[in-house]
Amino acid sequence: MKLRINTIVFAVFLILVSCKINVYTSSLKKEKFNQTNNWIVLEKTVSEKEGNTFSWSFKVKQPTEYVLQIVSNQAYFRDKTTVKIKIGEQEFEKTLLKSYVINSNQIVSEIKNKIQFKNIGNQTISISTKGNFTSLRIIPHYKKPIGTGNFHQEWLKMHQSIEKQKALQHFKESKLGMFIHWGLYSQAGGMWKETRINKSPFSGPKVAEWLMFAFRISRKEYSELAKTFNPDKSFAQNIAKLAKDVGMKYVVLTSKHHDGFSLFNSAVSDYNMVDATPYKADVVKELYDACLKEGLDFGVYYSHGNDWMDGSDGNYNNIKKENDSLGIYTHPIGKNLWDPSPNTHEEYLERKAYPQIKELLTLFPKLNLIWFDGTGFITEKQAFEFYKQVYNINPNVLVNRRVGYAFGDYLDAGDNKIPSASEKLDKYWETCGTTNNSWGYKSYDEDWKNPKELLYYFVDILSKGGNYLLNIGPDGEGQVPETSAKNLREMGKWIHQNSDAVYGTSRWKIPNEGQEETLLGGTGHRATKGFKRNFTSKDFWFTAKGNKVYVISLTNTKGEILIKSLKKGDETIEEVKLLRSNKILNWQQDKNGLKTTIIGLPKNALGYVVEVTLKNN
Ligand code: GLC
């Protein structure tokens, strides 16, 4: 009987909750915004009220980053008011910062810090404030647009095709790639009229390939750089050779960066290597050929949303108008607002970007990857269009996350960012990283990551089951800065000696033991904070392949080691070997772990790998 009453109470509760959710969704429908399904609008009138505290329960449909906004009819929230917020069990006090006026009399005030909802499901939120407001809105962060889902089924079919899955499998096994940022800006080396890019009077990224943006250089003046772009003919050979030496399996060259200049022979835009420079040849083709000859895969980077030469204002003003009416901030970064081309962004896509993607796929039939970037204000439909075009011409070509929305075949954690071990990504992933603090060549950036640091990032990525796309920024002549090539080759030696622990491996049951992870937190983070970490003989990273576990150390300390994650009872061991010398090692296993002794390491070894063969049971 008691059970039945409880069931009834619970059922009534469910009905009430779902009514509430319906209230929210129906009030959402009034807003004309194509992402309304993912907006959470909590009306004050339906909140639970206790004093000045208002609470709601709601449902997160899409895990992502959100922005919290308070809508009111009065100026109360404008002047840095603080509100107390509680989400689930977490309580914090926040200052309201940005304000927008919508519908001519409503004020939307925003909390600067974004909120992460990592899981789908029910949540509770409450705010405490004396201010008079009408609703609380939780909207997707501008950097993380969520799609309508309308294209998902069609996308899934392509993504799950045999061709794509084969390509993805091959990509996963490759593990290490070379990223190349090279273009007109490489001649300037991060300087404009004797001013370093870091000292430019405008805001925005200070990496060298952002030269045109950083100094708001007019299209005409910037395009003059093409007249002197005449690199050495050895570029393609040298680069392919370097990639091979380092043990990189694929190469990704900037075929067109945000500046809009194409390094390949494009029939739809004269602003390219063949038509506009004294070099007069298709340097993408040269590198493509050189890579195929070396047995390397080849991919191109292509900035599709941002094009400072022909992409108008990047659709900024249109989007801003719409966003303003909803009270959403529109970020101007990466948009040419100083000298936009006179066409519309839509015209740019139709006449330049889509056709150039077709050109790339046709010119390079063995292409493996298109690495889209500069998504900007590409709509969901346009992002899908890019994906579909690639698939229709060559289904073997992979597409990265930055094509936009959820249409990538694989993910990236962000520039110079490594996901933490606990983060569960729903697709395969790659981290792209720099060898100093810029992608494009910066003549004065000598803050090179040494071979050990580079290897650490690589090993950390391997142990978490991802790929590393490591960048070089050749100068205007096409020469790779000496230190960066040297450091890469040094790291490459280790890779060649321990290749079994690298290619074709995946994540083992745990990524590492010993010290906590030192995460790579973005290009700017490494630039200001540097890299500090002591490697000890108790720190190990793991990778796995078949019945083998690879135990990676980044020290060259000889003597006895204890690998705790391989203790008796957990794993049955058949053989233990030092990888670089193939020397069989004596070992003992007890409840504390696997013990073995490392011998015969050269003094300058960056580290070693112990290969543990497990008994098949
Ligand atoms: C960013 C930058 C760009 C660079 C890229 C590398 O999106 O805009 O300059 O090419 O990251 O991942």
Farthest towards the positive end of the dipole of the chain, among Ile378, Val83, Trp308 and with Cβ unit charges of +1 on Lys and Arg and -1 on Asp and Glu, lies the Cα of Val83
Work out the length of the dipole vector of the stretch 36-140 about its Cα centre, built from +1 on the beta-carbon of each Lys and Arg and -1 on the beta-carbon of each Asp and Glu, and round it to the nearest 20 debye. 180 debye
Just name one of Ile162, Ser218, Val246: the one whose Cα is farthest towards the positive end of the charge dipole of the chain (beta-carbon charges, Lys/Arg +1, Asp/Glu -1). Ile162
Which residue, Tyr405, Asn368, Ser266, has the largest displacement toward the positive end of the dipole of the stretch 152-409 when charges sit on each Cβ (Lys, Arg +1; Asp, Glu -1)? Asn368
Which aspartates and glutamates, if any, have their Cα less than 17 Å from the Cα of Lys424, not counting same-chain residues under 8 positions apart? Glu65, Asp409, Asp412, Asp460, Glu517
Any aspartates and glutamates whose Cα falls less than 14 Å from that of Lys591, other than same-chain ones fewer than 8 residues away, would be Asp570, Glu571
For Lys568, which sequence-distant residues (separation of 5 or more, or a different chain) have an amide H within less than 5 Å of its own amide H, given hydrogens modelled in the peptide plane? Asp590, Lys591, Asn592, Gly593
For Phe92 and Lys233, calculate 0.36 nm times their separation in residues minus their Cα-Cα distance, and state this gained length in nm to one decimal. 44.8 nm
Over the stretch 61-185, give the accessible area per residue in Å² for a 1.4 Å probe, as an integer. 51 Å²
Can you send over the carbon and sulfur percentage of the accessible area for the chain, probe radius 1.4 Å, protein chains only? 50 percent
In whole Hz, the Karplus estimates of ³J(HN,Hα) for the stretch 388-404 (6.51, -1.76, 1.60; θ = phi - 60°; x where Gly or Pro) are 5, 4, 4, 4, 5, 7, 8, x, 7, 8, 7, 10, 7, 4, 6, 4, x
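Which of the pairs Lys493/Lys558; Lys249/Lys486; Lys61/Lys164; Lys61/Lys144; Lys61/Lys112 have their Cα atoms more than 24 Å apart in this structure?
Those over the limit are Lys61/Lys164.
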Please work out the average accessible area per residue across the stretch 429-578, using the 1.4 Å probe convention, and give it in Å². 38 Å²
At R0 = 51 Å, FRET efficiency that the Cβ-Cβ distance of Lys595 and Glu65 yields, to 0.05: 0.65
Name the shape class, rounded, prolate or oblate, that the alpha-carbon gyration tensor gives for the chain, where a ≥ b ≥ c are the square roots of its eigenvalues, rounded holds for a/c under 1.5, and otherwise prolate holds if a/b is larger than b/c and oblate otherwise. oblate
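Multiplying the sequence separation of Asn582 and Arg489 by 0.36 nm and subtracting their Cα-Cα distance, what value in nm do you get? Don't skip to the end; give the middle numbers.
Details: separation 93, 0.36 × 93 = 33.48 nm, distance 2.24 nm.
Once the chain is fully extended between Asn582 and Arg489, it gains 31.2 nm.
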By average Cβ neighbour count within 10 Å, what is the ranking of 465-475, 490-500 from highest down? 465-475, 490-500
In vacuo Debye sum over C-alpha of the stretch 431-551, base-10 log of normalised intensity I(q)/I(0) at q = 0.21 Å⁻¹, listed in q order, is -1.26
Based on C-alpha coordinates, I'd like the Rg and Dmax of the stretch 359-449, in Å. 15.5, 44
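What ranking, highest mean first, results for peptides 176-186, 274-284 when packing means the other Cβ atoms within 10 Å averaged over each residue?
Going by the mean number of other Cβ atoms within 10 Å, highest first, we get 176-186, 274-284.
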Run the reach check for Lys98 against aspartates and glutamates, Cα to Cα strictly under 13 Å, same-chain hits fewer than 8 apart removed. What comes back? Asp79, Glu110, Asp324
Just the number please: accessible area per residue for the stretch 256-339, 1.4 Å probe, all protein chains included, in Å². 32 Å²
Inter-probe distance in nm under a simple model that places probes 7 Å from Cα toward Cβ, at Ser203 and Glu224: 3.0 nm
For Lys532 and Asn343, calculate 0.36 nm times their separation in residues minus their Cα-Cα distance, and state this gained length in nm to one decimal. 63.2 nm
Relative to the Cα centre, what is the charge dipole magnitude of the stretch 340-414, using +1 at the beta carbon of each Lys and Arg, -1 at the beta carbon of each Asp and Glu, and rounding to the nearest 20 debye? 180 debye
Only Lys, Arg (+1) and Asp, Glu (-1) charged, at Cβ; the chain dipole about Cα centre in debye: 1820 debye
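The values are calculated or read from the model by the stated rules, or taken from the named source; none is laboratory data. It should be emphasised that the depicted structure is a prediction, and the values quoted were computed from it without experimental measurement. Note: ideal-geometry Cβ built from the backbone for every residue, glycine included; neighbour counts use all protein chains shown. Each accessible area value is taken on the protein alone, full model and side chains, heavy atoms only, with ligands, DNA and RNA left out. Shrake-Rupley method; radii C 1.70, N 1.55, O 1.52, S 1.80 Å.
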